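Chemist: Supplied in structure tokens, the structure appears directly below.
Each reported figure results from applying straightforward, stated rules to the coordinates on display, with no laboratory input. Every value quoted in this text rests on a predicted model; they were computed, and no experiment measured them. All Cβ positions, glycine included, derive from the backbone under ideal geometry; neighbour counts span all protein chains shown.
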Amino acid sequence: MSHFGLMTLYAGLISVFFAVLWKRSPRQQVRLFLQLFLGMMGGALVLAWLMYMLPSAPPAPIP
Amino acid sequence: MTDAEDRPTEGNEGEDAAVEGIGPKAIAAAVLAWALPGAGHFLLGKRWRAVVFSTIVVACAVIGCSLHGRLDVFKDNDPLSKIATLASMGSGVIYMGLRFVSGYQGNVVAAGFEYGTTFLRTAGILNLLLVLDVLDIARGRKS
């Protein structure tokens, strides 16, 4: 699985967990799930976009 | 949205009066929740939530292992390893089984090593949150 796929899977699992943990009604759970999932995915993509502009370092030596 | 609306126990009038101390049932539920992810909620009658929580914690652990992530162990002169180990041990029987039964350690040169390590630690931390949730439910602080 790609790194993006793993990130999506991770965000999905965490979002479902906290939506069920913190909210009781299905409507509230769906709303919190979307907030958490989109927040994590969007935040990661924005951070990646910002880091893309930074100069890359040489590869680290293998110990 | 106010804080009161965010609380899962909203609408429970007089909830403070119903809060109990940590009794034997709460301790048993908490220990069970730590040992078997989701079992504490199941014991308290929250079966649907137990299935969801159990599935998520086990899924995190399985994905972490399939990616060959590190199963943290205590290391001398490395305080962070102790914190990470305590977090990983939160998954209860999953951690114990992987470490002491199957001898799983992880593979540092695997492509998914860092992701796998994150999933394994997350499984433990999520289960520790479940233990606290079970304590709150058993004490009547949460529905």
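Chemist: Working carefully through the options B:GLY112, B:GLY97, B:GLY124, B:GLY116, find the one that is buried (at least 16 other Cβ atoms within 10 Å of the Cβ) and away from every other protein chain (no Cβ under 12 Å).
Modeler: Unique residue meeting the criteria: B:GLY124.
Chemist: Can you tell me which condition B:SER88 does not meet? The list is (1) more than 14 Å from every other protein chain (Cβ to nearest Cβ); (2) surrounded by fewer than 22 Cβ atoms within 10 Å (Cβ to Cβ), and all the others hold.
Modeler: (2)
Chemist: Restricting to region B:127-143, give me the number of residues that are charged (D, E, K, R) and within 13 Å of another protein chain (Cβ to nearest Cβ).
Modeler: Qualifying residue count, region B:127-143: 3.
Chemist: Can you spot a residue in region B:50-61 that is aromatic (Phe, Trp, Tyr), in contact (Cβ under 8 Å) with a residue 12 or more places away in the chain and under 19 Å from A:LEU9 (Cβ atoms)?
Modeler: yes
Chemist: Let me ask something else about it. Take the residues of region A:1-52 that are more than 9 Å from chain B (Cβ to nearest Cβ) and part of a loop (DSSP other than H, G, I, E, B): which is surrounded by the most Cβ atoms within 10 Å (Cβ to Cβ)?
Modeler: This residue is A:SER25.
Chemist: Identify all residues within region B:50-81 that are assigned to a helix (DSSP H, G or I), over 19 Å from B:VAL31 (Cβ atoms) and in contact with an Asp or Glu (Cβ under 9 Å, 6 or more places away or on another chain); write none if there are none.
Modeler: B:SER81
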